[in-house]
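Q: Below is one structure. I have some questions about it.
The values are calculated or read from the model by the stated rules, or taken from the named source; none is laboratory data. Everything numeric here is computed off the predicted structure, so don't read it as measured data. Cβ coordinates were reconstructed from backbone atoms using ideal geometry, including for glycine residues, and neighbour counts include every protein chain displayed. SASA here: full protein model, heavy atoms, side chains in, ligands and nucleic acids out. Shrake-Rupley method; radii C 1.70, N 1.55, O 1.52, S 1.80 Å.
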Amino acid sequence: MPGAGAPARMTFPPVVRGVLSNDLRVWTIRHDTVPVVTMVLVLPVGSAHDPAGMPGLAGLMADLLDEGTDRLDAIGLAEAFASLGTELSVDVGPDVTTLSLTTLSRFAEPALALLGTIITHPRLHDDDLSRVREIRVNRLRQLRSSASAVADRAFLSAVFGGHPYGHGTLGTTDALSRLSIDDVRAFHAAGVRPAGATLVVTGNVDPDVVHAAAERQLGIWRALQDARPPDVPAGRADVPARVLVVNRPGAPQTEVRVGHLGPSRQVAEYHTLVALDALLGGQFSSRINQNLREARGLTYGARTAFDFRVRAGTFSCDTNVQGDATPLVVSEILAEFEAVGGSRPAGADELDRAKSSLTRGYVRRFETSAQLAHAAARLVTFGLPEDTFDRFVPGVEAVTPAAVSAAARQHLHPQDATVVLVGDASGWREKLSQLGRPVEECEIEF
């Protein structure tokens with residue numbers, strides 16, 4: 001077997017930046033490999049901007065954007081995109097909403113025209129709201145029966161509490177039932193505005209041509225009102241350690257979430273934390289998976305992850321295990337959280353394996369116009385410098401075992417971790433006292 005070479009260095013292509021007359025920022029990245037173009041419109045409004053008592057409003061509004069315009073109904077709009085060989089994708093996250101498409105370069109301006117029409121003249125009819133709301137309510141009904149979805153929702157709610165990050169994009173059945181088309185229109189008027197938004201265009205295009213086309217098609221976009229959704233506050237820091245139990249009689253397995261608040265994407269130790277996660281639970285050969293799956297045979301897999309957001313984040317371990325092993329699994333996860341920063345610090349060999357999993361093949365994430373556009377959208381979302389991706393491989397390679405252990409002591413807090421368990425509690429509820437934190441039974445709202 002030949003030896004592996006050094007990881008390839010990444011050089012992100014230059015970004016040509018411009019601003020339209022309405023303050024919409026335009027980023028253009030030239031990528032001449034094939035005659036296609038990808039567009040991603042990043043709107044700085046997401047589920048965390050839902051008004052109080054209205055979880056799911058941002059997602060509902062985004063769902064309605066492609067339901068028609070003042071001149072095209074939903075079918076006509078879909079056919080218009082299809083005639084350009086593309087379709088529109090709308091995604092709502094905690095911090096931003098993105099509208100993206102990929103089409104042939106020669107259709108760039110017609111695609112921009114359609115995108116502009118959707119943003120400036122969405123239909124937002126009550127009939128569409130009723131249908132989309134029913135779809136979302138049915139989806140919530142389905143998720144209610146999924147132990148994984150229940151655990152995810154319970155974990156976010158427990159860790160963030162009343163913070164805007166504490167709910168997902170779907171919202172709740174009760175909130176959706178109360179939302180009106182006037183609520184949707186008001187949220188669109190406040191949140192969908194050119195100032196603060198960014199259009200990313202990548203592909204076989206000329207930056208000057210893109211800017212001129214964007215001015216023609218999107219320059220007429222104006223904010224509909226002065227008010228805008230409030231900024232997302234910093235994450236809360238007073239979350240008590242506890243065990244939340246969602247009892248599901250008869251369930252053979254337990255869905256487990258163990259974690260706590262984490263840093264934002266702007267954290268200075270980002271590369272160290274990414275390496276720490278890969279070593280601890282971010283890959284198949286990591287410590288927690290080797291412990292729970294390979295050594296003990298209690299799960300098909302266990303993974304950890306930092307969920308980096310603009311204002312705060314989380315760190316958690318997710319797994320599902322055989323029911324009677326639930327207390328043992330939680331104890332082992334908490335012990336692994338502690339050990340990497342204390343009793344069993346990171347070793348050089350395991351860290352090298354973790355770093356290799358991150359750096360080798362990293363450049364494959366930037367091969368197509370779509371990959372470049374979405375990477376640039378992440379720069380926009382988190383306010384990151386243009387050389388962020390160039391610095392990833394050398395930044396990870398420079399991480400030392402001592403730095404990993406120090407980061408674990410600073411950012412992993414097993415004593416403060418919230419534990420969420422979804423399963424048949426009759427076989428293990430009494431054993432939870434050994435975890436040393438209050439045990440609460442709860443019901444999760446969908």
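Q: Going out from 0 in 10 Å bins, what whole percent of all Cα-Cα distances in the stretch 88-144 drops into each bin?
A: 18, 35, 34, 12, 1
Q: What relative contact order, as a whole-number percentage, does the stretch 211-338 give when Cα pairs under 8 Å and 6 or more residues apart are counted?
A: So the answer I get is 29 percent.
Q: Using only DSSP helix segments of four residues or longer, with each worth -39500 (n - 2.57), what per-residue ellipticity at 222 nm results for the chain after dividing by its residue count and rounding to 500?
A: -11000 deg cm²/dmol
Q: Working with all protein chains in place, sort Lys355, Lys431 by solvent-accessible area computed with a 1.4 Å probe, largest first.
A: Values: Lys355 25, Lys431 105 Å².
The most accessible residue leads, giving Lys431, Lys355.
Q: Could you tell me which GluC sites (Glu not before Pro) in the stretch 379-436 are loop residues by DSSP with no more than 14 other beta carbons within 10 angstrom of their beta carbon?
A: Qualifying residues, ordered by number: Glu386.
Q: Could you give me D for the stretch 279-376, from Stokes-Einstein at 25 °C and 0.890 mPa s, where the hydrodynamic radius is the Kirkwood radius over C-alpha pairs? Units µm² s⁻¹, please.
A: Estimated diffusion coefficient is 160 µm²/s.
Q: Calculate log10 I(q)/I(0) of the stretch 1-158 for q = 0.16, 0.17, 0.18, 0.20 Å⁻¹, where I(q) comes from the Debye formula with a single equal point scatterer on each Cα and nothing for solvent.
A: Once normalised to I(0) and log-transformed, intensities are -1.06, -1.13, -1.20, -1.34.
Q: How high is the relative contact order of the chain, in percent, with contacts defined as C-alpha pairs under 8 Å that are six or more residues apart? Mind dumping the intermediate values first?
A: Values: 888 pairs, mean separation 107.8, N = 446.
Taking the mean separation of contacting Cα pairs over the length of the chain, I get 24 percent.
Q: Could I ask something else about it? Could you work out the relative contact order of the stretch 330-446, using alpha carbon pairs under 8 angstrom and six or more residues apart, expressed as a whole percent?
A: About 43 percent, as a whole number.
Q: Could you sort Met1, Met54, Met61 by accessible area so the largest value comes first, with the probe set to 1.4 Å?
A: Result, largest first: Met1, Met54, Met61.
Q: How far apart, in nm, are the 7 Å Cα→Cβ label points at Asp91 and Glu443?
A: My value for the distance between the label points is 3.5 nm.
Q: Need one number for the stretch 162-265: average projected area of the convex hull over its C-alpha atoms, nm². Numbers along the way, then the final one.
A: Details: hull surface 50.7 nm².
With the hull built on Cα positions only, its mean projection is 12.7 nm².
Q: How much length is gained on full extension from Val16 to Ile135, taking 0.36 nm per residue of separation minus their Cα-Cα distance?
A: Using 0.36 nm per residue and subtracting the Cα-Cα distance, I get 38.8 nm.
Q: Quick one: Karplus J couplings for the stretch 174-188, per residue in order, coefficients 6.51, -1.76, 1.60, θ = phi - 60°, nearest Hz, x for Gly and Pro?
A: 5, 5, 4, 5, 8, 6, 10, 5, 5, 4, 5, 5, 5, 5, 4
Q: Sort Asp152, Asp128 by accessible area with a 1.4 Å probe, largest first.
A: Highest to lowest solvent-accessible surface, that is Asp152, Asp128.
Q: Could you tell me the extents of the stretch 307-446's C-alpha atoms along the three principal axes, largest first, rounded to whole Å?
A: 53, 41, 27
Q: Now, a different point. Over 29 Å apart: what share of the alpha carbon pairs of the chain falls there, rounded to a whole percent?
A: 54
Q: What number comes out for accessible area per residue over the chain if the probe is 1.4 Å? Units Å², please.
A: 43
Q: Rounded to the nearest 0.05, what FRET efficiency do Arg178 and Asp231 give with R0 = 25 Å and r taken as the Cβ-Cβ distance? Could you check?
A: It comes out at approximately 0.50.
Q: So what's the stretch 1-41 giving for Cα Rg divided by 2.2 N^0.38 Å, two decimals? Before the final figure, lay out the partial values.
A: Values: Rg = 17.0 Å, N = 41, 2.2 N^0.38 = 9.0 Å.
So the Cα radius of gyration is 1.88 times the expected 2.2 N^0.38 Å.
Q: Roughly speaking, to the nearest percent, how much of the chain's 1.4 Å accessible area is carbon and sulfur?
A: The nonpolar share, carbon plus sulfur, comes to 51 percent.
Q: While we're looking at this one, here's another question. Give the long-range amide H neighbours of Ala398: residues separated by 5 or more places, or on another chain, with amide H under 5 Å away, using H modelled in the peptide plane at 1.01 Å from N.
A: Residues meeting the amide H criterion: none.
Q: Over all directions, how big on average is the projection of the convex hull of the alpha-carbon atoms in the stretch 72-220, in square nanometres?
A: 10.8
Q: Quick one: check the C-alpha center-to-center distance for the stretch 24-100 versus the stretch 406-446, whole angstrom.
A: What the calculation gives is 38 Å, centre to centre.
Q: A further question on this structure: Using +1 on the beta carbon of Lys and Arg, -1 on that of Asp and Glu, and nothing else charged, what's the dipole of the chain about the Cα centre, debye to 20? Please list the in-between numbers first.
A: Working: 43 positive and 52 negative charges, 127 e Å.
With Lys and Arg at +1 and Asp and Glu at -1, about 600 debye.
Q: Moving to a separate point now. Given the alpha-carbon gyration tensor of the stretch 141-217, what are the semi-axes of its equivalent ellipsoid in whole angstrom, ordered largest first, with each equal to the square root of 5 times an eigenvalue? List each step's numbers first, then the result.
A: Details: eigenvalues 275, 69, 33 Å².
Calculated on Cα positions only, the semi-axes equal 37, 19, 13 Å.
Q: Here is a further query. Length gain on complete extension for the stretch Ala82 to Ser331, per 0.36 nm per residue less the alpha carbon to alpha carbon distance?
A: Value of the extension gain: 84.3 nm.
Q: Quick one: which residues, 5+ away or cross-chain, put their amide H under 5 Å from the amide H of Met10? H built at 1.01 Å from N.
A: Here the answer is Val393, since their amide H atoms fall under 5 Å of that of Met10.
Q: Please list, in order along the stretch 209-221, the HN-Hα scalar couplings obtained from phi with the Karplus expression 6.51 cos²θ - 1.76 cosθ + 1.60 (θ = phi - 60°), rounded to whole Hz, x for Gly and Pro.
A: For the stretch 209-221, the Karplus curve yields 5, 4, 4, 5, 5, 5, 5, 5, 8, 10, x, 7, 5 Hz.
Q: Here's another thing I want to ask about it. Under the 0.36 nm per residue contour assumption, what length would be gained going from the current alpha-carbon distance of Asp73 and Glu338 to full extension?
A: 89.8 nm
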